[in-house]
1. Using the Karplus curve 6.51 cos²θ - 1.76 cosθ + 1.60 with θ = phi - 60°, what ³J(HN,Hα) values do you get for each residue of the stretch 50-63, in whole Hz, with x for Gly and Pro?
2. Ordering S68, S123 from largest to smallest accessible area (1.4 angstrom probe), what's the sequence?
3. In 5 Å bins starting at 0, how do the alpha-carbon pair distances of the stretch 29-87 split up by percent?
4. In whole Å, what is the distance between the alpha-carbon centres of the stretch 4-79 and the stretch 138-195?
5. Using each residue's phi in the stretch 178-188, evaluate 6.51 cos²θ - 1.76 cosθ + 1.60 at θ = phi - 60° and report the 3J(HN,Hα) Karplus result to the nearest Hz, with x for Gly and Pro.
6. Can you give the calculated 222 nm mean residue ellipticity of the chain, where each DSSP H run of n ≥ 4 adds -39,500 (n - 2.57) and the sum is split over every residue, rounded to the nearest 500 deg cm²/dmol?
7. At q = 0.10, 0.20 Å⁻¹, what is the log10 ratio I(q)/I(0) for the stretch 92-172, with the Debye formula run over Cα points and no solvent?
8. Compare the peptides 82-89, 21-28 by average per-residue count of other Cβ atoms within 10 angstrom and give them in order, highest first.
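The values are calculated or read from the model by the stated rules, or taken from the named source; none is laboratory data. Note that the coordinates shown come from a computational prediction; the quantities given were computed from them, not determined experimentally. Reconstructed Cβ throughout: ideal geometry from the backbone, glycine too, with neighbour counts over all protein chains shown. Surface areas here come from the heavy atoms of the whole protein model, side chains and all, with no ligands, DNA or RNA. Shrake-Rupley method; radii C 1.70, N 1.55, O 1.52, S 1.80 Å.
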Amino acid sequence: TLPSLVELHLSSCELNYVAPSININFTLGILDLSNNNFESPIPRWIFSMSSLVSLDISGCNFYGSIPSGLQNMTSLRVFDASINNLNSTIPKGLFNLSSLISLRLGFNNIHGPIPIGLLNMTSLRDIYLPGNAFESNFPNWLYSFSHLESLNLGGNLLQGVISNAIGNLTSLFSLDLSFNRLEVRIPRSLGNLCKLKQIALSRNNFDGEVAQVIRCFSRCMSNGLEWVELEWNYLLGHLPDELGQFKN
């Protein structure tokens, strides 16, 4: 009954009920229901609000699948449904959201391969999908996302080799591929990612000389590399003197 309402923030309000259907009489741009305990499927009426620019339903104990209707939210730029109990694949309707900048579905039970349909989402800058059950080789099509700034695929079931083509992701400042099954060598081309601030590659099956890995990152040190995680791999050898040059 508030037709002029454009923002509604109800985060962390100890809410435990959300109506499965309502008549909407407002044109919201921002809806934040995060960190409540609804313990229900995501209500379909949320995805009927085509005017939404930002939707945060993270930490709500929603379960089931992401309902249809998402494809109608063509204005959406931020979608956060992380830390729920969603257990479907990523719905195809999501790939129509060409304005989406941030996609955050981490810590659910979303499964299947990471879908190639994400390539249609040319505005994406932030992909946050850790703590799910994505099971496939590391997708080669991701190397074309030269505009991507943050990529977190940690804690999945990804396997295979990381290609030197990852050096094409020149806008990345944060990369997390930890807790997967990736193997063989850590590509030297990571040293081309001069905007990197944080990189996490721990808990994989990478091998090779630790000195070579650290030397490749030394090219990033003058630009402020702050965080490197390499533990629980199969790296061998001695730590190089270059380690002492990582001033940040």
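1. Karplus values, whole Hz, x for Gly and Pro: 5, 7, 4, 9, 9, 10, 10, 10, 6, x, 10, 6, 6, 10.
2. Solvent-accessible surface, decreasing: S68, S123.
3. 5, 21, 31, 28, 14, 2
4. The stretch 4-79 and the stretch 138-195 have Cα centres separated by 31 Å.
5. So the Karplus estimates, Gly and Pro as x, are 5, 6, 10, 10, 6, 9, 6, 8, 6, x, 5 Hz.
6. Only helices count here, giving -1000 deg cm²/dmol.
7. Evaluating at q = 0.10, 0.20 Å⁻¹ gives log10 I(q)/I(0) of -0.21, -0.94.
8. 82-89, 21-28
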